[in-house]
Amino acid sequence: MSKPKVAFYWCASCGGCEEAVVDLAEDILKVVEAVDIVFWPVALDFKKEDVEKMADGEIAVSFINGAIRMSEHEEMAHLLRKKSQYLIAFGSCSHMGGIPGLGNLWNREKIFQRIYKDVPTLPENGNGIYPQTQSQVPEGEVNLPEFFDTVKTLDQTVDVDYYLPGCPPTPKLIMQAVNAILEGKLPEKGSVLAPDTALCDECDRKESKPEKLLIKDIKRVHEVIADAEQCFLAQGIICLGPATRSGCETLCINANMPCTGCFGPTSRVKDYGAKVLSGIASIVDINDEDEAARLFDEKIPDPVGVFYKYSLPSSMLKRKNMGDA
């Protein structure tokens, strides 16, 4: 009996999701024994043509990590969607846009201007030429992928069956997802393959959180040494656990770092960043509007980077309106 075929592909991301698969350690042997990995270009010698030759739906499941930043990503997402029975948005970037999604604060022109003309580390002999999708060289025509103005999530590009959250997903969640696929025990289409509860529910510090939580100051993580036993919010340190889905095994909390929201919202939250922002605003015990504005300006100088760190493309905002993107 042939084994189910599985594919992995990497779009716009840091590569951490690929590392998470490797971090299965000895469990990866169980995966290899149970499935036939037919496409994983970051680890094995596979080509795009190998996928193109497959019959539609021949791949049982494809795990795609990374946001859709370039035309090559879009093309591969459509190809793997066509060839796969199930398509899983693997990790924060494909799920919500991730940190690459913060590129939506600018457009292609602004990004290229900064990188190829304005950056202080540009060599003195830098020619300021932007990458071109097509260029003529003595050897012939060179083609590069198109760099899009807007970063998109995977499900803004193709139909997605399931979401495996995290930056990156934990090995435990990956194995649970693989086993659910092999055993035919997947939930309804569109489900996030992680608990639908807030991170605070599984946090060891929850008992230290006051029933009525109010703060008069916000402390940035580099300004203090956090009490490893006390709720971060009770210490005035921004922690996004109340609005973030659980399932990460509180790895950051255990390292005495607050949650930054990589698992995204529970099913009851419409816009993650707005939910977090309203939650933080509700516990700041300052009645003077000017004083409150000063506090937020000084202690949260990059609100988009804090509240929409992983989710800007999937939010109601999607991107900054620059009039041309």
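In a DSSP loop and with at most 10 other Cβ atoms within 10 Å, the GluC sites (Glu not before Pro) in the stretch 96-176 are GLU124, GLU139. Working note: Karplus 6.51/-1.76/1.60 with θ = phi - 60° gives the stretch 53-66 the couplings 6, 6, 6, 4, x, 5, 7, 5, 8, 10, 9, 10, 9, x Hz, where Gly and Pro are set to x. In straight-distance terms, cross-link reach from LYS219 covers every one of the aspartates and glutamates whose alpha-carbon lies under 15 Å from its own, apart from those fewer than eight places away in the same chain; here that gives ASP227, ASP285, ASP297, GLU298, ASP302. Each residue of the stretch 84-101 was assigned a 3J(HN,Hα) from its phi angle through the Karplus expression (A = 6.51, B = -1.76, C = 1.60, θ = phi - 60°), giving 10, 6, 10, 10, 10, 6, 9, x, 4, 5, 6, 5, 10, x, x, 4, x, x Hz with x at Gly and Pro. Taking the Cα atoms of the stretch 40-107, the ratio Rg/Rh between the radius of gyration and the Kirkwood radius comes to 1.01. Between the alpha-carbon centres of the stretch 100-117 and the stretch 229-266 there is a gap of 30 Å. Using the rule -39500 (n - 2.57) for each DSSP H run of four or more residues, divided by the residues of the chain, the 222 nm mean residue ellipticity is -7500 deg cm²/dmol. Starting from the Kirkwood Rh over alpha-carbon pairs, what translational D in µm² s⁻¹ does the stretch 249-298 have by Stokes-Einstein at 25 °C and 0.890 mPa s? Roughly 187 µm²/s, to the nearest whole number.
Can you tell me the order of 63-70, 37-44, 257-264 when each peptide is scored by its average per-residue count of other Cβ atoms within 10 angstrom, highest first?
Most protected by this proxy first, the peptides run 63-70, 257-264, 37-44.
For the stretch 260-298, the set of trypsin sites (Lys or Arg not before Pro) satisfying both a DSSP loop assignment and a count of at most 10 other C-beta atoms within 10 Å is given as ARG268, LYS270.
For the stretch 220-325, the fraction of C-alpha pairs farther apart than 22 angstrom is 36 percent. Rounded, prolate or oblate for the stretch 108-148? Axes are the square roots of the Cα gyration tensor eigenvalues, ordered a ≥ b ≥ c, and the cut-off for rounded is a/c under 1.5. Because a/c hits 1.5 or more and a/b fails to exceed b/c, the stretch 108-148 counts as oblate. Residues whose amide H comes within less than 5 Å of that of ILE237, counting only those at least five positions distant or on another chain, are LYS219 (H built at 1.01 Å from N in the peptide plane). Charge dipole (Cα centre; +1 on Lys/Arg Cβ, -1 on Asp/Glu Cβ; no other charges) of the chain amounts to roughly 500 debye. Rounded to the nearest 20, the Cβ-based charge dipole of the stretch 1-67 about its Cα centre (Lys and Arg +1, Asp and Glu -1) stands at 140 debye. Between ASN256 and HIS222, full extension at 0.36 nm per residue minus the direct alpha carbon distance yields a gain of 11.0 nm.
Qualifying trypsin sites (Lys or Arg not before Pro) in the stretch 108-186, where qualification requires a DSSP coil assignment and no more than 13 other C-beta atoms within 10 Å, comprise LYS185. List the pairs from LYS110/LYS299; LYS212/LYS299; LYS30/LYS189; LYS185/LYS212; LYS53/LYS117; LYS83/LYS275 whose alpha-carbon separation is above 32 Å, in the order I gave them. Pairs exceeding 32 Å: LYS185/LYS212; LYS53/LYS117; LYS83/LYS275.
Close amide H pairs (under 5 Å, H built 1.01 Å from N) link CYS259 with LEU240, GLY241, residues at least 5 positions away or on another chain. The average projected area of the chain, computed from the convex hull of its Cα atoms over all directions, is 21.1 nm². Note on the chain: antiparallel DSSP beta bridges, both residues inside, total approximately 30 percent of the bridges counted. Annotation: extensible slack from ILE286 through ASP196 equals 29.1 nm (criterion: 0.36 nm per residue apart, minus Cα-Cα distance).
What the phi angles of the stretch 220-230 give under the Karplus curve with 6.51, -1.76 and 1.60, with θ = phi - 60°, is a coupling list of 7, 4, 7, 8, 9, 9, 5, 5, 6, 10, 9 Hz, glycine and proline written as x. Which of the three applies to the stretch 1-53, rounded, prolate or oblate, going by the alpha-carbon gyration tensor with a ≥ b ≥ c and a/c under 1.5 meaning rounded? Judged from the Cα gyration tensor, the stretch 1-53 comes out oblate (a/c at least 1.5, b/c at or above a/b). Full extension of the chain between ARG268 and LYS48 gives 75.3 nm of extra length, using 0.36 nm per residue less the Cα-Cα distance. The H on the amide N of CYS231, modeled in the peptide plane, is under 5 Å from the matching H of SER208, LYS209, each at least 5 residues off or on a different chain.
The numbers here are math on the coordinates, done by the rules we state, and not lab data. Small disclaimer: the values here were computed from a predicted structure and weren't measured. All Cβ positions, even for glycine, are placed from backbone atoms using ideal geometry, and neighbour counts span all protein chains on display.
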